[in-house]
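Enquirer: Below are the structure tokens for one structure; questions will follow.
Throughout, read-outs are computed from the coordinates displayed, never taken from laboratory work. None of the values given here were measured: they were computed from a predicted structure. Positions of Cβ are generated from backbone atoms using ideal geometry, with glycine treated the same way; all protein chains shown enter the neighbour counts.
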Amino acid sequence: MASDAHDSNLAPPSPEEVGSAYDRFGPLYDLTQGTSAIHVGRWSAGGTGLPATTLGELADRAMDRQTDYYIEALAPGSTDHVLDVGSGTGGPAVRLAERTEARVTGITVSETQVARARERATAASLADRVTFALADVLELPYEDASFDVAWAIDSFAHIADRLGGLRQVWRVLPRGGRLLMTEFTRRGEPSRAQLDTFRQVWTSPPPLPLAEGVRLACEAGFELVRLENQTHDVLMNAEVMTVLYRDHHDEIRERYGLETTAAMDASIPLFRTFVRDHLGYFLYVLRKP
């Protein structure tokens, strides 16, 4: 029923809950999404690249292609300071710094992600230009206009107060500063059970319709420069996650136990149909006028 989707009493996750989920399930994401990043991969792009011998490696290649695509879309300069909202384990921030020579400050609500991201920056000999902090986008600990550009790859999906988060990013950008962000959107009328599963699997409130997301960005003070439909990639991502979950099932059960794994087993089919039938995925490029 339509009321299930629009009048859901699901409590949105708190930043602490999101951070705890990533702390606990980081190894699960490594097994089911790859290790180069924690975001949707770019599966539809052509061209050549490094060969992959496993599905996990293929997922890493897809995420790296997506990161490179976002670097080109944001186009930071070599002297820019970039804010990475929801920086995960640091892969995209390090990759951006390597390709542009820009400085990057990443924030996440997960302590384990901060630790892993710092290790990644150190291993790449970039700890002087790429730093990470435990911080919430709703309470950014930075002065006004302290960054040149920003990106938020798959991170606003976790935020119930999107308007508040967007206003905080707007505040720390200068006039003319750009924000690249990705958003999961809702298509059609998912059931309450599907929304419950999305919250459980992704630790996220129900996704908004596309028009509502655009409206919030404009209400926060941004101009919409670019809007791109990448739903085909999120559909493929869900299929790959499903296969990798099955392939690593024994390892997942050993790590998380019978009860938790049984709950995951029940959620995966419903999550898969929700993505297939009701989830969209869009790239925004926004500008502070």
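Enquirer: Direction-averaged shadow area of the convex hull around the Cα atoms of the stretch 79-131, nm²?
Expert: Its Cα hull, projected and averaged over all orientations, spans 2.9 nm².
Enquirer: So how far, in whole Å, is the C-alpha centre of the stretch 213-240 from the one of the stretch 176-200?
Expert: 9
Enquirer: Sticking with the crude label model, points 7 Å out along Cα→Cβ, report the distance from residue 276 to residue 143 in nm, one decimal please.
Expert: A separation of 5.4 nm, rounded to one decimal place.
Enquirer: Sorting 242, 185, 79 on the 10 Å Cβ count, fewest up front, what's the list? Could you put the intermediate results ahead of the total?
Expert: Values: 242 16, 185 21, 79 10.
Fewest-to-most ranking of 242, 185, 79: 79, 242, 185.
Enquirer: In nm, give the distance between the simple-model label positions of residue 250 and residue 160, each being 7 Å from the Cα along the Cα-to-Cβ direction.
Expert: 4.2
Enquirer: Scattering from the C-alpha atoms of the chain alone, worked out with Debye: what is log10 I(q)/I(0) at q = 0.07, 0.09, 0.11, 0.12 1/Å?
Expert: -0.24, -0.40, -0.61, -0.74
Enquirer: How are the Cα pair distances of the stretch 162-236 distributed, in percent, across 10 Å bins from 0?
Expert: 15, 44, 31, 9, 0
Enquirer: Taking 2.2 N^0.38 Å as the expected size of a compact globular protein, what ratio does the Cα radius of gyration of the stretch 151-285 give against it, to two decimals?
Expert: Rounded to two decimals, the normalised Rg is 1.18.
Enquirer: Within the stretch 25-117, report the GluC sites (Glu not before Pro) that DSSP leaves as loop and that have at most 15 other Cβ atoms within 10 Å.
Expert: When the GluC sites (Glu not before Pro) of the stretch 25-117 are filtered for loop state and at most 15 Cβ neighbours within 10 Å, 101 remain.
Enquirer: For residue 79 and residue 193, FRET efficiency with R0 = 51 Å and r from the beta-carbon atoms, rounded to 0.05?
Expert: It comes to 0.55.
Enquirer: For the chain, with a Gaussian network of springs between Cα atoms less than 10 Å apart, report the residue from 142, 22, 70 with the top mean-square fluctuation.
Expert: 142
Enquirer: Can I ask one more? Do any trypsin sites (Lys or Arg not before Pro) in the stretch 91-175 lie in a DSSP loop with no more than 10 other beta carbon atoms within 10 Å, and if so, which? Don't skip to the end; give the middle numbers.
Expert: Details: sites: 95, 99, 103, 116, 118, 120, 129, 162, 167, 171, 175; in loops: 129, 175.
Qualifying residues, ordered by number: 175.
Enquirer: With the contact rule set at Cα under 8 Å and sequence spacing of 6 or more, what percent relative contact order holds for the chain? Working shown, then result.
Expert: Numbers: 534 pairs, mean separation 63.0, N = 289.
Relative contact order, the chain: 22 percent.
Enquirer: Would you pull out the residues with amide H under 5 Å of residue 104's amide H, same chain only if 5 or more places away, H placed 1.01 Å from N?
Expert: Long-range HN contacts for residue 104: 82, 130, 131.
Enquirer: Shifting gears a bit: Can you run phi through the Karplus equation (6.51, -1.76, 1.60; θ = phi - 60°) for the stretch 156-173 and list ³J(HN,Hα) in whole Hz, with x for Gly and Pro?
Expert: For the stretch 156-173, the Karplus-derived couplings read 5, 4, 7, 9, 6, 8, 4, 4, x, x, 5, 5, 5, 5, 4, 4, 8, 9 Hz, x marking Gly and Pro.
Enquirer: Using only Cα atoms, what Kirkwood radius does the stretch 26-149 have, in angstroms?
Expert: 15.0
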